[in-house]
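For reference, the structure discussed in these notes is given below.
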Amino acid sequence: MTYVVTVDTCIPEGTPEMDPLQRAGAVALIEDGFDSVRAVEGPDGVEVDVLDTIVAVHPGGALLKVVVDAPALELAEESVQALVDELLERSELLADWTIDRCEVELHPDLARQSLDAAEGPDAPPDDPAARKARHTGGPTTESTDGGYDAEAKTAAVRRQMLELADQLRSFSPAAFGVIEDEGQGEGEDAEKEGEGAGGDGGGTGVPPASARLAAGALVYAIDFLVDELFEDVQVLTQEEATVAECEGPLWHLERLPDRYALNYDARFSRRFLVTVIAMTTRFTDGSFQRLSCVAEELALRFLLSQATTTLELYGLLDDDVSAALEAFAGNVYEDMGHEWLYDDSMDGIGGIGAIQGIQGVDAAEGVDGIGGAVAGAAPGGVPVAFKAWFTPFNEGRYVHPSAAGEPEAAVQ
């Protein structure tokens, strides 16, 4: 059976984060190592075939996806961990890196089917978190009676999000709606004053604590979003299908605008994944300035949705945190032109249907002044064709080379 094993590797603790040149070198070393391997000998001499690998390096390490053919999930995980251990040890520059996680992540729909089919005293627990912890042998968040403690899990996730907030280096609290007064920010009085802002007392901004939780939720969501998009790519690749034709479960890509679902194939999904990684890297390394293309506008939409869903899941999404995320979206988006893509009215009179009736005009190309920005819009309302979703809005914008559109698709 084919398994997608996720591996989180980190640079040594206390080591300065990698600069762009060091990250490029790390990618080359890891990819070269994988290229030299076709199979791994697992426990008891069982051979595990390595089918595909994807490497995404960030300032603090690398996220790896290793696709293997193995007889069992446990063998897949053990073999990939042994393989990555050996690859790191072979390289003098990566020998001190550590593996923080090596596991197969199950899609919730498939996991639920498995649970529904399970019977007997040895059936796994109903709660997904407890089930995953039991499978991996990791720590569980249990109550005193041995059950799953939802309140303890919520508190743990909240602490983790607050710790992660500092990694969103490109944005100050002001980006989340915090009003930073000159005399604020020092001492307990300033903290209390900030916590009161945005409440019923007529405050003028988002409380700093809520803004910090929102920032941490975005960083927390990045890992899940990237992991799940990796799996979407794998599903489309295996089925050799588009999102419209795909029969397997998808995490995110089916939430792209429906009208172009026949265009979302494996190549598109890889470009979209690279776009998400490039955008979130700029969010966390402090280099972000502006969204670069329509694909990044959609990527941010997905990230905000992932963060909101996670906050809701753990009961952490109150009015102030919602306001912080809304303020962030308002500050990062230059306009909401991409919302046209989700407007079903564009398929009717005056929209795409009307545009298709004009000789020589393709609705997917986008037409200025006719039916709005048909396939998304660059800042200022300039229409962008579907084939130019990955093309920079202008020369000052950055799009990763692996995702960039064809030269002829550039926006005029």
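Looking only at segment 317-345, filter to residues that are out of contact with any helix residue (DSSP H, G or I) (no Cβ under 6 Å at 6 or more places or on another chain) and in a loop (DSSP other than H, G, I, E, B); which one of those is farthest from Glu254 (Cα to Cα)?
Per the stated criteria, the residue is Asp318.
Which residues, taken from segment 64-107, are part of a loop (DSSP other than H, G, I, E, B), of a type in the set (A, V, I, L, M) and closer than 18 Å to Val40 by Cα? Can you show your working first?
Our first condition is that a residue be part of a loop (DSSP other than H, G, I, E, B); within segment 64-107, this holds for 70-72, 91-97, 105-107.
With of a type in the set (A, V, I, L, M) added as a condition, the list becomes 70, 72, 93-95, 106.
Answer for segment 64-107, where residues must be part of a loop (DSSP other than H, G, I, E, B), of a type in the set (A, V, I, L, M) and closer than 18 Å to Val40 by Cα: Ala70, Ala72.
Of the residues Val37, Val27, Val46, which single one is aliphatic (A, V, I, L, M) and closer than 30 Å to Asp166 by Cβ?
Val27
Per-residue answers, yes or no, for (1) out of contact with any strand residue (DSSP E or B) (no Cβ under 9 Å at 6 or more places or on another chain); (2) outside any helix (DSSP H, G or I); (3) without any contact (Cβ under 8 Å) to a residue 12 or more places away in the chain:
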| site | (1), (2), (3) |
| --- | --- |
| Asp223 | no, no, no |
| Glu231 | no, no, no |
| Ala244 | yes, yes, no |
| Arg259 | yes, no, no |
| Phe272 | yes, no, no |
| Arg282 | yes, no, no |
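Hey, any hits in segment 14-21 for a residue that's hydroxyl-bearing (Ser, Thr, Tyr), more than 30 Å from Gln167 (Cβ to Cβ) and outside any strand (DSSP E or B)?
No, because not a single residue in segment 14-21 is hydroxyl-bearing (Ser, Thr, Tyr), more than 30 Å from Gln167 (Cβ to Cβ) and outside any strand (DSSP E or B).
Every number in this text was worked out from the coordinates using simple rules, so none of it is lab data. Worth saying up front: this structure is predicted, and the values here are computed from it rather than measured. Here the Cβ is made from the backbone with ideal geometry for all residues, glycine too, and neighbour counts use every protein chain on show.
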